[in-house]
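So the structure is just underneath, and the comments pick up after that.
The values are calculated or read from the model by the stated rules, or taken from the named source; none is laboratory data. Model, not experiment: these values are computed from the prediction. In this analysis, Cβ positions are derived from the backbone assuming ideal geometry, glycine residues included, and neighbour counts consider all displayed protein chains.
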């Protein structure tokens, strides 16, 4: 057993809301430095999977491990699991960064204050140390000059980049992106994707739920196709995009490809 | 209009106004404390505690403030709790306004988007920290306008304390009228007194609201 430990691993995750099953025995493991993009139709359980992976909505059944450590549970001596205390769960959660579709910045805090909140309150850094650490992050997401702006003064793309910096400020071992560009005006999608490509190039461990097939093709090490609460197919983006094995992924991707090529054809500024 | 009479009796009414301010402020403080308690009780998982908060709310909502005042002032002594008129007055005002204020606070807290709370959870903030650093600061700004209306109502309702001889402005007015037989002049003065007081409160709280919601426009 000399297999390296995955940065994050979900094992046989089931999730139901009432009687409605949303995830059916989903297993996904992501190695350190790996970028995994999860694609699939709406309602296929992609976002729910992410929310299970950081315990925002605890799975109905199954386990999540971060760097081999069970999340939200503690392993008893006999190998069974017991629920973990609130404090310990919070500590684990702070190791997983999350970027939301709706940004979810705190509007009563400036961009910089959003970023330093976690380091100060959760990690106990002084304000000055937290700012010192936040500055390069603001630089990285291209918003050093907006640090004192309140979210209401920022565009959606800028807000999402602050949200990425906020997640990075916790120095997480894994970053989860839940459709980070779906709520953005089309012209603002690029600036967010470019930050994410930067992160991918630096071998940040990332799971990205997205409809941006182009981004997935370019940045992902592995693509996962989900449908009806299951992982239908996974593999290198090239394989999934060009020679999908499963009928369902083929149908979904065909629709996507025809739409994006139609978009490309309609947009004279896009170099072909 | 007898201006001389009005001028002559103004100091006495101002003395009453002072007590109106004191008893109303104490009533507001009590209402606020009780309201926060009610909100907290409503958020616990303990059904008994939630039930107590509900019963309190239902009873108060169904009781006229004057009746509540009589219960506090005349019935509590029957069970051995003798209290001063002033104390009875502030307890009545505090009790009467607590469920309304609790509703305002609850609504303001619920108006903070769920996603912001999840963002806090995702970076590892604890429940109390989320309350004090994310929900609280925004809820205050949202609660202030409706709370201002309630506080103004509380000030005006303090007039009913005159029936148990709390020496607030309306009580003083009745004393003056008994002596002078000039209800018109005296009540004009009283009305002006209440109006000035509520106006100043509204002005102050609106300024406060402007300060705590600055982030919405900066």
* Take the residues of region B:1-14 that are touching a helix residue (DSSP H, G or I) at 6+ places or on another chain (Cβ under 9 Å) and farther than 15 Å from residue B:194 by Cβ: which is modelled with the lowest pLDDT? -> B:1
* To do: Among what's in region A:79-134 and is more than 24 Å from the chain's Cα centre (by Cα), modelled with pLDDT under 95 and more than 12 Å from chain B (Cβ to nearest Cβ), pick the residue that is surrounded by the most Cβ atoms within 10 Å (Cβ to Cβ).
  => A:81
* Identity of the residue in region A:23-34, in contact with a strand residue (DSSP E or B) (Cβ under 6 Å, 6 or more places away or on another chain) and either buried (at least 24 other Cβ atoms within 10 Å of the Cβ) or in a loop (DSSP other than H, G, I, E, B) (or both), that ends up nearest to the other protein chains (Cβ to nearest Cβ) -> A:23
* Contacts under 9 angstrom Cβ, first residue in region A:141-154 being away from every other protein chain (no Cβ under 12 Å), partner assigned to a loop (DSSP other than H, G, I, E, B), 6 or more apart -> A:143/A:149; A:143/A:154; A:146/A:110; A:146/A:154; A:147/A:110
* Give the residue, chosen from A:56, A:49, that is out of contact with any strand residue (DSSP E or B) (no Cβ under 7 Å at 6 or more places or on another chain), surrounded by 14 or more Cβ atoms within 10 Å (Cβ to Cβ) and within 22 Å of residue A:229 (Cα to Cα). => A:56
* To do: Hey, can you tell me all the residues within region A:149-164 that are over 22 Å from residue A:38 (Cα atoms) and not in a loop (DSSP other than H, G, I, E, B)?
  => A:151, A:152, A:153, A:156, A:158, A:159, A:162
* helices (runs of 4 or more DSSP H) within region B:98-189 that include 3 or more residues more than 14 Å from chain A (Cβ to nearest Cβ) -> B:136-157, B:169-180
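So which of B:81, B:48, B:34 is surrounded by fewer than 18 Cβ atoms within 10 Å (Cβ to Cβ) and under 30 Å from residue B:130 (Cα atoms)? Talk me through it step by step, then tell me what you get.
Working: B:81 fails: under 30 Å from residue B:130 (Cα atoms); B:34 fails: surrounded by fewer than 18 Cβ atoms within 10 Å (Cβ to Cβ).
Exactly one residue qualifies, and that residue is B:48.
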* For region A:192-202, state whether one or more residues are in contact with a strand residue (DSSP E or B) (Cβ under 7 Å, 6 or more places away or on another chain), assigned to a helix (DSSP H, G or I) and farther than 19 Å from residue A:161 by Cβ. => no
* Asked: So which of A:137, A:176 is within 9 Å of chain B (Cβ to nearest Cβ) and more than 27 Å from residue B:142 (Cβ to Cβ)?
  -> A:176
